[in-house]
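Presented below is the structure to which this report refers.
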Amino acid sequence: MFKASVEDLSSLLAQSRGRVQAAGRLSLQPGAPRLELDLSAGELVWGDFRAESLSIQNSPDSSATSFADLDVRATQVRAMDFMLDTIELDINTSPENQAIRLKAVSSNLDLSAQMSGQIQDSGDGLFAAGWAGELSALTLTESSRLALALQNPAPLSWSMSSAKIEAACLATDAASTLCAEGEWIQDERLTANVSLSRVPLSLAQPFLDTELEMTQTIDGELVWDSTADKPASGNAQFRLSPGEIRYPDDFDSLLKTGEGLMSFNLASGKLSEGRFDLPLPGMGNIDFDLNIPDVAEGVDATVDG
């Protein structure tokens, strides 16, 4: 059994503040470990992370064979400049399977996700253990309208020193898809591959802090690869469909755009090529091109831009 009451978190943790009260029971009995926790906290601050309230309680459906069944809820959560009204986590850790269900709400956006899998015990202690399973469900709704949903379960794994996700593809009812896969190995490698097909630019609107509507869609691909023994490399090319930028419920557009192109190429840690073309019908166009094939020859190298 344990109890804790902290009126000022800054006395225990640097760059933090808030109040915390907790009570629970922890048993490390071999073959049947168990954690029960009842925690409440308010006005939490830790670096750039803030939360008006946080509560962790045992799930009403808790199983006696599980290490922990916890319901986590946080309100008015801010990380950097991103704000969430509520975050809810349902965590179940039975010996055979560990499942996490997430629900996050921000303004007119709702995100829900579910993953399940098993702990991979390497025998080298708790911090060397890993987890492997799948992201089985993920949906994003905007103003009660489905924006993106996971098409098929995506293999997912992580540990303290690595993480990997394979072929996670999100789609909308308008045949738009966003697929991503990547891998991180501490002090060794980071790779990522993202492809988009007819993804509405309006999906980014809640993150841009603007009321303007954007009717364009994006197609393209991003590839990134960095390792410990060589500089990063990568390339991207995205095409923007013709469209309009306007205020909601206003049929008159503020700005019309033609088919745009954005691309870059990074080789050996250096940006060698970049391009941004955006026609503005009736106004002109934005045309930016950068090409640095090789600067190893110093003042004799060719530089175009």
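Dipole magnitude for the range 27-70: about 160 debye, using +1 per Lys or Arg Cβ and -1 per Asp or Glu Cβ, origin at the Cα centre.
Springs join every pair of Cα atoms under 10 Å in this Gaussian network model of the chain, and among 185, 56, 292 the largest mean-square fluctuation is at 292. Each other residue within a Cβ distance under 15 Å of residue 188 adds +1 if Lys or Arg and -1 if Asp or Glu, for a net charge of -1. Expressed per residue, the C-alpha convex hull volume of the chain stands at 188 Å³. Here the extension length gained between residue 146 and residue 287 equals 47.2 nm, from 0.36 nm per residue of separation less the Cα-Cα distance. Please list, ordered by chain and number, the residues whose modelled amide H lies under 5 Å from the amide H of residue 215; skip anything fewer than 5 residues away on the same chain. Excluding prolines and chain starts, which carry no amide H, the hits are 244. Of the GluC sites (Glu not before Pro) in the range 188-236, the ones in a loop by DSSP (not H, G, I, E or B) with at most 10 other beta carbons within 10 Å are 211. If you plug the beta carbon distance of residue 139 and residue 76 into 1/(1 + (r/R0)^6) with R0 = 22 Å, you get a FRET efficiency near 0.45.
Model label sites at residue 94 and residue 53, defined 7 Å from Cα along the beta-carbon direction, differ in position by 3.2 nm. Specify whether the C-alpha gyration tensor of the range 206-248 places it in the rounded, prolate or oblate class, a ≥ b ≥ c being the square roots of the eigenvalues: rounded for a/c under 1.5, otherwise prolate if a/b is larger than b/c and oblate if not. The shape class here is oblate. For the range 16-78, the list of GluC sites (Glu not before Pro) that fall in a loop by DSSP and count at most 16 other C-beta atoms within 10 angstrom is empty.
Computed from phi, the 3J(HN,Hα) profile of the range 183-198 under the Karplus parametrisation 6.51, -1.76, 1.60 (θ = phi - 60°) reads 8, 10, 10, 3, 6, 10, 7, 9, 10, 8, 9, 10, 10, 10, 9, 6 Hz, with x in place of Gly and Pro. Scalar couplings 3J(HN,Hα) for the range 160-169, obtained by applying the Karplus form with A = 6.51, B = -1.76, C = 1.60 to θ = phi - 60°, are 5, 10, 7, 7, 8, 10, 10, 6, 8, 10 Hz; x denotes Gly and Pro.
Here the dipole of the chain is about 880 debye; that uses its Cα centre as origin and unit charges on the Cβ of Lys and Arg (positive) and Asp and Glu (negative). When Rg and Dmax are taken over the Cα atoms of the range 1-52, they come to 13.7, 39 Å.
Using C-alpha pairs under 8 Å with a sequence gap of at least 6, the mean separation divided by the residue count of the chain gives a relative contact order of 6 percent. Can you spot the aspartates and glutamates whose alpha carbon is less than 13 Å from residue 3's alpha carbon? Ignore those fewer than 8 places along the same chain. In chain and number order, the partners are 36, 38. Counting Lys and Arg as +1 and Asp and Glu as -1 over every other residue whose Cβ lies under 11 Å from the Cβ of residue 233, the net charge comes to +1.
Give the carbon-plus-sulfur fraction of the accessible surface of the chain in %, rounded to a whole number; probe 1.4 Å, heavy atoms of protein chains only. Provide the component values of the computation, followed by the final result.
Numbers: 10320 of 18830 Å².
Reported share for carbon and sulfur atoms: 55 percent.
For residue 256, the aspartates and glutamates whose Cα comes closer than 17 Å to its Cα, not counting residues fewer than 8 places off in the same chain, are 211, 213, 244, 277, 287.
The values are calculated or read from the model by the stated rules, or taken from the named source; none is laboratory data. Remember, it's a predicted structure, so these values are computed and weren't measured experimentally. In this analysis, Cβ positions are derived from the backbone assuming ideal geometry, glycine residues included, and neighbour counts consider all displayed protein chains. Quick note on the areas: whole protein, heavy atoms, side chains included, nothing else; ligands and nucleic acids left out. Shrake-Rupley method; radii C 1.70, N 1.55, O 1.52, S 1.80 Å.
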